[in-house]
Every structure is written in C-alpha cells, then in structure tokens.
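**Q** The following block contains the structure, expressed as structure tokens.
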Amino acid sequence: MKKILRLVVTGAAGRMGRRVAALAAEDRRFQIAALVGRGEGDGLLKPENLPEALAGADVLVDFSAPESAVRFAGLAAAARRPAVIGATGFNQVQLAQLKAASRRIPVFLSPNFSPGVHALAVLLRCAASLLKDYEVSISETHHSRKKDAPSGTALRLARIIMEARRGTEPAIVSQRVGDVVGDHTVTFAGPCERLELTHRAQSRDVFAQGALRAALWVFGRKPGLYDMPDLLTDR
C-alpha cells in the first residue's frame, strides 16, 4: 500500500485553500494534517502554529498571499518538508527567497495548476514562432476579489511570446469582474486573419486537483524549483 500523504494547507480560509482541503479529504491518498489560515473556522490553525503543524506533515500546500507564502516556504525549508506554492503576484525579491528555499527542499511553484493551461503554453510557443510578423495581445479575466493583475498565468504567457520572438512584452488587458474563475486569450492578428488561443477554467477544482497532483509528485524529490511542465513531461 502506498503511503498516505499528510498535507498542511496554508491559506486554508481562502477559496482555493478550501477546495484543496475538500478534495484532499475525499481522496484516500491524502490526510489533512493541519489547515492554517487567517479567520475563524473549525480546526483552523493560526500561521504562528505552522512549525508544529509541519512536524506532523509530509508536504505543505500553499494558496495564501505572496508575503505569507514566502514565509511559509521558509518554515517548510527549516522543517525539510516539500512545498507546493500556488500563490501568485510575487515580486523579484520574493521569487529570490523562494529559490533560496528550493536549495534546501523541493519547491513546486506554479501560477496555474491546470494541465490545459500548460498545453496552451506549448501551442503558444509554436504560434509565436511561426507568426512572428503578427501583432499579439493577451486578455485575461478573473473574479473581482483577485488582487494581482495581470495574472501570473498571463505574465507567463507573455514571457513565452517574448522568448519565442526575442522581442518586447505583448500588451496584457486585465479584467476583474464577478465570479469568473479564470479566462485567458492570446490573439495573433495578421493580414486578413486572426488566430485566438483561449483557455477557460470552469471550476477552481482543476487548480485544486493539479495542486494535489503536484504534492504527490514532489514528495521525495531532490531539492530544486519545479513547475507543471516538469510534472506533465515526467515519464
């Protein structure tokens, strides 16, 4: 019988944290060791209790905020526990801190845990290379409570285009409205035609399922910084 993975979920009071916890509770491969977050809730631990929670866990899964995620990753590194980080909106200093943590533990850092989004990235790299003379723009829409804009996914798509074309960053248009889970569209406009590549998330469960898949994959790995392409191409 395979080991049951004990998870500490940080940012557990938020929408994504709640979905990760709910799906893990229904999956025999996981056990919730602790839920950590700001707010009131049954069994919800305060962030200052994270070190003791990590002592009884195998993997940290975080969907908090950039500043908190960096601090939690540092605590996971001190406890020698792998970390799956789904928070977005990191600045360069915070990214450097996460990279520092990855020298001690495996850190799985991704702005988007959807397999479809990473398939989109592969298609985008090809299109950007083939359609170098076409104008390109990115539009993304998320729910009104999302704080960072552009989204981490949109920024990653922009970097892919820049790398394929060795050019400037394409324009990104962001909308924060309603309860949209996450829509991303890349438009290539050329003479007499237009190509649009679109991904629409219909439920937050696709991200929660991806994070749980990442937790299973990253456990037992060597220290390093990992992402969804590493998981999806691992054979």
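Where a number appears in this text, it was derived from the coordinates with a stated rule and is not lab data. Just so it is clear, the structure is predicted and the values come from calculations on it, not from any experiment. Backbone-built Cβ (ideal geometry, glycine too); neighbour counts: all protein chains shown.
**Q** Starting from segment 124-144, take each residue that is farther than 26 Å from Q202 by Cα and list its partners that are of a type in the set (F, W, Y) and buried (at least 17 other Cβ atoms within 10 Å of the Cβ), counting only C-beta distances under 7 angstrom and pairs at least six apart or across chains.
**A** L131/F188; Y134/F188
**Q** While we're here: Picking from A69, A13, A22, A73, which residue would you name as being in a helix (DSSP H, G or I), surrounded by fewer than 22 Cβ atoms within 10 Å (Cβ to Cβ) and of a type in the set (G, A, S)?
**A** Details: A69 fails: surrounded by fewer than 22 Cβ atoms within 10 Å (Cβ to Cβ); A13 fails: in a helix (DSSP H, G or I); A73 fails: surrounded by fewer than 22 Cβ atoms within 10 Å (Cβ to Cβ).
Criteria check complete, one pass: A22.
**Q** Suppose we filter segment 77-97 for residues that are under 25 Å from V206 (Cβ atoms), hydrophobic (A, V, I, L, M, F, W, C) and surrounded by fewer than 22 Cβ atoms within 10 Å (Cβ to Cβ); how many remain?
**A** Counting residues in segment 77-97 that are under 25 Å from V206 (Cβ atoms), hydrophobic (A, V, I, L, M, F, W, C) and surrounded by fewer than 22 Cβ atoms within 10 Å (Cβ to Cβ) gives 2.
**Q** Continuing with the same structure: With the structure loaded, tell me whether F113 is in a strand (DSSP E or B), under 30 Å from P223 (Cα atoms) and among the aromatic types (F, W, Y) or whether it fails that test.
**A** Working: in a strand (DSSP E or B): no; under 30 Å from P223 (Cα atoms): yes; among the aromatic types (F, W, Y): yes.
For F113, the condition - in a strand (DSSP E or B), under 30 Å from P223 (Cα atoms) and among the aromatic types (F, W, Y) - is not met.
**Q** Considering only residues that are more than 17 Å from A57 (Cα to Cα) and without any contact (Cβ under 8 Å) to a residue 24 or more places away in the chain, which ones fall in segment 1-21?
**A** First, the residues of segment 1-21 that are more than 17 Å from A57 (Cα to Cα): 1, 13-16, 18-19.
Correct list: M1, R18.
**Q** How many residues does segment 167-197 contain that are hydroxyl-bearing (S, T, Y) and either touching a Cys at 6+ places or on another chain (Cβ under 8 Å) or without any contact (Cβ under 8 Å) to a residue 40 or more places away in the chain (or both)? Let's see the steps before the verdict.
**A** Keep residues of segment 167-197 that are hydroxyl-bearing (S, T, Y), which gives 168, 174, 185, 187.
Keeping just the survivors that are either touching a Cys at 6+ places or on another chain (Cβ under 8 Å) or without any contact (Cβ under 8 Å) to a residue 40 or more places away in the chain (or both) gives 168, 174.
Final tally of qualifying residues: 2.
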